[in-house]
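Reading through the structure tokens given below for one structure.
Any read-out appearing in this document is the output of simple, stated calculations on the displayed coordinates, not a laboratory observation. Remember, predicted model here, so these are calculated numbers, not experimental data. Neighbour counts run over all protein chains shown; Cβ positions are idealised from the backbone, glycine included.
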Ligand SMILES: Nc1ncnc2c1ncn2[C@@H]1O[C@H](COP(=O)(O)OP(=O)(O)OP(=O)(O)O)[C@@H](O)[C@H]1O
Ligand SMILES: Nc1ncnc2c1ncn2[C@@H]1O[C@H](COP(=O)(O)OP(=O)(O)OP(=O)(O)O)[C@@H](O)[C@H]1O
Ligand SMILES: [Mg+2]
Ligand SMILES: [Mg+2]
């Protein structure tokens, strides 16, 4: 993209506000990647990436600072909690436009949100876990126990992911039980390893790990004890070939790319929130990865592909927690 | 010029100090001013002078413990110079040998600590100089006198050519003093140089070969002991400018001190300056007597299974000076703790002006009317990093509070009044640790005596004081007693006790052996009682049972 | 001791800060692709507009209160290592009180909520003081442990039963509008906490150095045996300083809610406790020294934050710069003379305890 | 559970033993956390470069050593406040590791490097028939077996060597050392370097067990190690017991998450609560104990 003024007006300027740190976070890497791709393709646009750190109390201040400069045509971000922050900031800076992914808000004319159907996403994982624990894999055990390790408890986790995960598993076999544990943070891999050990002791043979860096502890344990790990949001096979055997994907990069491009050429509609799911192709299960094909038996893959098709035909209702 | 006064004799010098000058930048005190001094081998050299004269500073320089000074320190023939500091400090939790062998630890073949070798060589040394210290005792359990002896042994471990002792006998009873002197003589006879800093002229005359007098950081004179007398020495220490009358009185005091040393069995005359004092009660229990202001009833103190104090009874009447003496480790420090409320007895009770304290804390005791001068100056008696003024107002702090606020102007004038009255050389705003040992003690005394308390407990009040100051303290004590204040005087200095106390109680192994009154107060009797001699004659049976509970020194 | 600090130590501190800043500039130049912009944002940014200025002053007020909370404990020779949890827990109780008293007028409701916050902090810290008084357990360690135990509980309460269902943030509900302290430099966070902080610092200075209780307080910290000997109730000066320290942290937590965030968010007070310790130590445990120390701290924090927003300055770089400044700030080539040698204060504290 | 507790204990113990040296020399080393983190990072990097577990552990140890030397230089030589220096070193580790990681491998996040071998277990599969004994003694990762010699060595050095005596004396009263012509700073330096090695090694165990480095992997264990020093009453065996207690407490809270219906987050505070209780009980017992009547 050309950054300099080419006589047609100043370039379209975008700030990406990352509520956290980009490197090491697949979601935010996708966000930045998508926006960058759009900017590169556009005639005249610039982008600045700003890391807001992990303290959510400071995000509002960061967004306010960006808005206060008045020099960004669009602020892009991604997190379920950001729409409400953006909504608030836009009271003070009504001209500032926001594009928030992975969040939902309706009715603020400055604000466009794109939400992913995480119920479907968790359901995909749950169904796959159900297939695994009921004997779908070489190391599956008799017990009908699936595990879920969360970094912290938060509304999306408690109200959507956790119920949908067990719902999916029980769709395979209603007697399946969930062993749910909390790490308390997003980095303590040592404790995560111990928690995973404790889950395996109780008969769990497959764990969906949504614990940031803690996932590594789960992998280490699962590798030692021949259990399985499921990944969330991005493809995780390379973290542990043969151990990580399933990944649900959210095509956040794709959405970011497309919506940003629309924003730049002025065709993006603000004031609305959309929800994208399996049927739209933005939530999916990574069935192309060689590891998946290598380690997961054919019949399991087939059964899961069926489920995918079912969800395309019949999308699941999604009650977004905290939606206005 | 001073050098000329010393006969050019044949004794080889061990060390020479040339034109030493030391200024403490912190309080801008010129502690030593252009001092030259020779320390000769085979000689005991006494260094005397009033508090703050610069003795300790000079000797620290000689021993290489102060980094910055002007002048030269030359070793001549001698190699090792050790200084035993005025207040030896040990690591309390470590055993004696661990403290003393630090830096010269004997090792086994494997490079490990050779504890047995250390203990053995220590015991051998202790045996050779007849200084009784148990090597495996934890240092926190050493009495002040034992600590002093241990520190001396620690210096001897290094086989010094020059040994400097800074007021070693201050915490010692006569017995221990004699042991230290024996050690010094034996060193001298082996061709070593020994330096003794002390305020006790009697000791100077008794043990030294040569004397150097310091005043205001300068050497006033160096002379041979044989050529001088206490009168001359004290005149030198005080300075010629001193008024005649004052030094007269002092000579009287000094002479009496010497009288007691030689005049063995005669009873001591009534202390001077008791005019106006009520006659001390001769029969304390008679019903006509006033109520006691301080009372101990059947006090027992046991710690870690050791009986430290046993069945103590004590009654103190207004205007009376009650002396308590003994060898320190026979319970003097524990009775100090009981009297001051610092330790809670296991049984028995304390009554202050007839009232029972609600708790055994110094706070409660003070509220009931007690003032207390502790033996331990550096931790209990002073806050070294606080200013002198803050140290002085400790007890009177409430008086300077107005609506909770501290009136600094009033407290400053209060402290400078105390400073004047007690002749304290100090800058009030500077931290306490900049003071010389004697001046620190004066600050403590001034604080406690500003209190007008009906009961005052003195523990070793004149430790480290020059005699002008210690006499001033003694006058203070007598004045208080004349005002009707009840005084407990704990002291291991028999002369001090004899010259001041109306009644003397002698401690031995945690109990009072006998109370001496009037003409019974004889130096030799006290000495024997302190060593437990008379006790064993009079109540041998009783003693047996006591010894079984009062265990000696448990190993470890 | 009650007199002012010797000038030479101030000079040394100034020199150290200058050295630290020089290193900071070098780091920025070495790492940034737009070094000029980064240096400008870092150093001038905090003063460049009222939003940044206000936020910096607000950070200053919070750090001043927690720094003071540490300084008063240090002065009495006790150590409160649990500030982090105390701020956090009291923020939550203050928030909940504020929500419960929503029907009351603000002049009543806010003070009550703040007092509840202070009491929360005081209890958490006071427990450690009490344990030391009763059983001689090291308050340094217990305060750290107790506060660490509080943090997961508060996390749970915010995410669980006390969660604001209407929000996707991990937060409690917000306190009523009327309860929110007015903003002084809108839209920045600056609020009257600044004046409260300055008032407290002055009051603490007078209390510590100009009152009888303050004298006892400091003396207990300098030499507990001496204080006890002098009839000071030294046990009280273990428990009281912990209580006060906890109360100040509690107040900080409460004011953080009513002045800045209006709710308790998960982990929102992170750093206030630790930075408070650093502020107190850099201030040489002196209430008035807290002012420059907290100001310097707030300045650095804001500079780093602004540089992060406007240049390629990264989060880690801010952390590294803070570390460098810490390394410089109390270092001195001039040995500090202290009792019993030239060792520094913390070590002295520990060896002192050994001796008793 | 015992088995995992022992695995958890090992790094705590090594860091605690190192910290014990510093503590006894009178230096409160609150930088254990940062040193562990640096040790973890360096261990993964060197293990990846060399393909050797031992080299990885050595790398961790050296990283701890490096920070410890910095600690010594600023905190002791330059006489800075050691608490602030400790905080600074923690910050330095937390800030510079992502910086280096990003420069070297292009990520600040999870660092999964090729060629990092798995931590071998020792005595795997051995059995005595008593599950408890088996869990305690057999099949642990290699690093765990370092801890017992470490405790013995620490005890020997501290109590039975001239060096140990001097080091302990430094902590109690540095002036006494100075007065016999020894430099207390030498012993403080030695103690700090030992604590750096202990913490670095502990960090390497944490990371090598996982086979990856990830940000903040020490997760407060440096602080817990500091607690074990006090809880263990500043004796090597005490530190061992304290570290084990803490590991068991963590084990209890982990197991309880699966069994009890108490929310998992709350149970995370259990180890701290149990540790405080242990401290109180211990101190209270000492109080009424044989010392005074
Ligand atoms: N560490 C110090 N810092 C500052 N000033 C000091 C220090 N030690 C001693 N002084 C000052 O130096 C002077 C000489 O003190 P020194 O201790 O040498 O006296 P002294 O002759 O040993 O007295 P005393 O008989 O009381 O022990 C005193 O005025 C004292 O205040
Ligand atoms: N020995 C004690 N044990 C427990 N509490 C005490 C003790 N002495 C006093 N207190 C309590 O401490 C508080 C302060 O005590 P009080 O007002 O008597 O002290 P003061 O003499 O006025 O001042 P200061 O405490 O400074 O000496 C009071 O509440 C009192 O009940
Ligand atoms: Mg199964
Ligand atoms: Mg002296």
| request: Tell me the label-point distance for the pair residue C:107, residue D:259, using the 7 Å Cα-to-Cβ offset, in nm and rounded to one decimal. | output: 5.7
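Would you mind ranking C:256, B:414, C:268, B:512 so that the residue whose beta carbon has the fewest other beta carbons within 10 Å leads the list?
On the way: C:256 30, B:414 18, C:268 24, B:512 21.
Ascending Cβ contact count within 10 Å gives the list B:414, B:512, C:268, C:256.
Using a/c under 1.5 as the rounded threshold, could you call the protein assembly as shown rounded, prolate or oblate? The axes a ≥ b ≥ c are square roots of the C-alpha gyration tensor eigenvalues, and prolate needs a/b larger than b/c, oblate otherwise. Can you show the working numbers first?
Numbers: a/c = 2.35, a/b = 2.12, b/c = 1.11.
Prolate, because a/c is 1.5 or more and a/b exceeds b/c.
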| message | Over the Cα atoms of segment A:165-258, each weighted equally, I'd like the Debye log10 I(q)/I(0) at q = 0.11, 0.17, 0.18 Å⁻¹, rounded to two decimals. | response | -0.33, -0.75, -0.82
| Likely footprinting exposure, B:174, B:502, fewest C-beta neighbours within 10 Å first | B:174, B:502
| message | Would segment C:4-355 count as rounded, prolate or oblate if I go by the C-alpha gyration tensor, calling it rounded below 1.5 in a/c and otherwise prolate when a/b exceeds b/c, oblate otherwise? | response | oblate
| said: Test of understanding: in a Gaussian network model of chain C with alpha carbons linked when under 10 Å, which of C:226, C:42, C:131 would top the mean-square fluctuation ranking? | reply: C:226
| message | With the crude spin-label approximation of a point 7 Å out along Cα→Cβ, what separation in nm comes out for residue A:299 versus residue B:232? | response | 12.1
| message | Let me check against my output: what whole-number percent is the relative contact order of segment C:4-355, with C-alpha pairs under 8 Å and at least 6 apart? | response | 34
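Can you put C:266, C:72 in order of Cβ neighbours within 10 angstrom, beginning with the fewest?
Working: C:266 24, C:72 28.
Sorted ascending by nearby Cβ count, the order is C:266, C:72.
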| query | Between segment B:78-147 and segment A:285-312, how many Å separate their Cα centres? | reply | 79
| field | Between segment B:337-363 and segment B:440-472, the alpha-carbon center distance in angstrom | value | 22
| Which whole-number percentage describes the relative contact order of segment B:4-238, with Cα contacts under 8 Å and a sequence gap of 6 or more? | 29
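Given contacts defined as C-alpha pairs under 8 Å and at least six residues apart, what's the relative contact order of chain A, whole-number percent? Could you put the intermediate results ahead of the total?
Details: 702 pairs, mean separation 59.9, N = 324.
With pairs under 8 Å counted, the relative contact order is 18 percent.
Is the shape of chain D rounded, prolate or oblate, going by the alpha carbon gyration tensor and its root eigenvalues a ≥ b ≥ c, with a/c under 1.5 for rounded and a/b larger than b/c for prolate?
Working: a/c = 1.56, a/b = 1.10, b/c = 1.42.
Oblate, because a/c is 1.5 or more while a/b does not exceed b/c.
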| note | Rounded to whole angstrom, the alpha-carbon centroid of segment D:20-62 lies from that of segment A:57-133 at a distance of 40
| note | Across D:195, D:52, D:283, the residue with the highest GNM fluctuation in chain D (Cα network, 10 Å cutoff) is D:283
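Sort the following peptides by mean Cβ neighbour count (other Cβ atoms within 10 Å, averaged over residues), highest first: D:114-126, D:160-172, D:8-20.
Working: D:114-126: 13.5, D:160-172: 22.4, D:8-20: 31.0.
Order by mean packing, descending: D:8-20, D:160-172, D:114-126.
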| Taking R0 as 30 Å, what's the FRET efficiency between residue D:138 and residue D:50 from their Cβ-Cβ distance, rounded to 0.05? | 0.60
| field | Residue with peak Gaussian network fluctuation, chain C [Cα springs, cutoff 10 Å], from C:61, C:188, C:143 | value | C:188
| said: Using only DSSP helix segments of four residues or longer, with each worth -39500 (n - 2.57), what per-residue ellipticity at 222 nm results for chain C after dividing by its residue count and rounding to 500? | reply: -22500 deg cm²/dmol
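What does the average come to when, for each residue of peptide D:103-109, you count the partner chain Cβ atoms lying within 10 Å of its Cβ?
3
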| Across peptide C:158-170, what mean number of C-beta atoms from other chains lies inside 10 Å of a residue's C-beta? | 6
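With N residues in segment B:11-147, what two-decimal value do you get for its Cα radius of gyration over 2.2 N^0.38 Å? Don't skip to the answer; put the middle values down first.
Numbers: Rg = 18.2 Å, N = 137, 2.2 N^0.38 = 14.3 Å.
Against the empirical 2.2 N^0.38 Å value, I get 1.28 for segment B:11-147.
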| Along the three principal axes, how long is segment B:4-238 when you take its alpha carbons, biggest first, rounded to the nearest angstrom? | 55, 38, 33
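Helix-derived [θ] at 222 nm for chain D: sum -39500 (n - 2.57) over DSSP H runs of at least 4, divide by residue count, nearest 500?
Working: 13 runs with 208 residues, N = 293.
Value at 222 nm, helices only: -23500 deg cm²/dmol.
Order C:241-248, A:96-103, A:201-208 from most to least packed using the mean count of other Cβ atoms within 10 Å. Could the numbers behind the result be given before it?
On the way: C:241-248: 28.4, A:96-103: 25.8, A:201-208: 23.6.
The most tightly packed comes first, giving C:241-248, A:96-103, A:201-208.
Could you compute the FRET efficiency for residue B:104 and residue B:185, with r as their C-beta to C-beta distance and R0 at 25 Å, rounded to 0.05? Kindly include the intermediate steps, with their values, before the conclusion.
Details: r = 25 Å, r/R0 = 1.01.
Step by step, r from the Cβ atoms, then E = 0.50.
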